[in-house]
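Just so you know, all these numbers are worked out from the coordinates, no wet-lab data involved. Everything numeric here is computed off the predicted structure, so don't read it as measured data. Cβ placement follows ideal geometry from the backbone for every residue including glycine, while neighbour counts extend to all protein chains displayed.
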Amino acid sequence: IRRCAVRAVETLRALELRATTEATFSALEAAALALLTTPIKRAALIIDLQHGFIDDHTRHIPARIAQLLSDYRFNPCIFTRYYSVENSPFETMLNWYGLYADNPRTALVAELQPYAAFGEVIDKTGYSGLTDAVLSRLHAEQPDEVVIIGLETDACVLKTAFDAFEANHNITVISDLCATMAGAAMHDAALNVLTRNLGVNTVITQARFEARASYKGATDKASDINVPPSTR
């Protein structure tokens, strides 16, 4: 409904209705803007921002996500953290012996740790970030929108987005706040898959997210919910 209202306002303004329809235009615009200025409750799922998934293809993502969390309010603000378990399909089928719980590279990157201290860190052992614990938190908070960002676009981000979609959450994947160690071509391919299956209004850039969020006014700005003291 909110996205329809955004498009309605943009369309009405583009049409530049005049004279005989001015009253109708004003009434419709007022109704749409009233909906848009109602505070919206957003959740954030920040997927696997861990040392073990940082390389030259993904190194730019943590600082950008930290800035987003500083600028906008998310509740709940959930950080997923992957760790490997013995005899998992990653070992038996992919021969990948990755990030066990005692591996220092399992830790969240430094840029996000202050925000994680004000949010929640939930561990997972598979691709999907939509674990039972995460689902429970989303069910308890009932956010209007679930923003999905992080690593890696072609794996855990993609699986989390599909699972959240099928769980009937209103999701947004911010495309340039995701990346993959597999490189730009694989990142773009994953975004194409997500866009085709989840819709062009679900997979958007950070600029488009911020433009859409600006309709909500000051109520969208960050608060003590997810902002560490050093940035307030």
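How would you classify segment 64-172 from its alpha-carbon gyration tensor, with a ≥ b ≥ c the square roots of the eigenvalues: rounded for a/c under 1.5, else prolate if a/b is greater than b/c, otherwise oblate? Here segment 64-172 falls in the oblate category. Between amide H atoms placed 1.01 Å from N, distances below 5 Å from residue 178 occur with 150, all of them 5 or more places distant or on a separate chain. Can you bin segment 56-99 into rounded, prolate or oblate? Criterion: square roots of the alpha carbon gyration tensor eigenvalues sorted a ≥ b ≥ c, rounded for a/c under 1.5, prolate for a/b above b/c, oblate for the rest. Taking the square roots of the gyration eigenvalues as a ≥ b ≥ c, segment 56-99 is oblate. Taking amide H atoms as placed 1.01 Å from N in the peptide plane, the amide H of residue 147 lies under 5 Å from those of 43, 44, 45, 172, each 5 or more residues away in sequence or on another chain. The protection proxy used here, the mean number of other Cβ atoms lying within 10 Å of each residue, ranks peptides 166-176, 131-141, 113-123 as follows, highest first: 166-176, 113-123, 131-141.
In this structure the amide hydrogen of residue 74, modeled in the peptide plane, comes within under 5 Å of the amide hydrogens of 223, 226, none closer than 5 places in sequence on its chain.
The phi-based Karplus calculation (6.51 cos²θ - 1.76 cosθ + 1.60; θ = phi - 60°) puts the 3J(HN,Hα) values of segment 159-168 at 5, 5, 5, 4, 5, 5, 4, 6, 8, 6 Hz, whole numbers, x for Gly and Pro.
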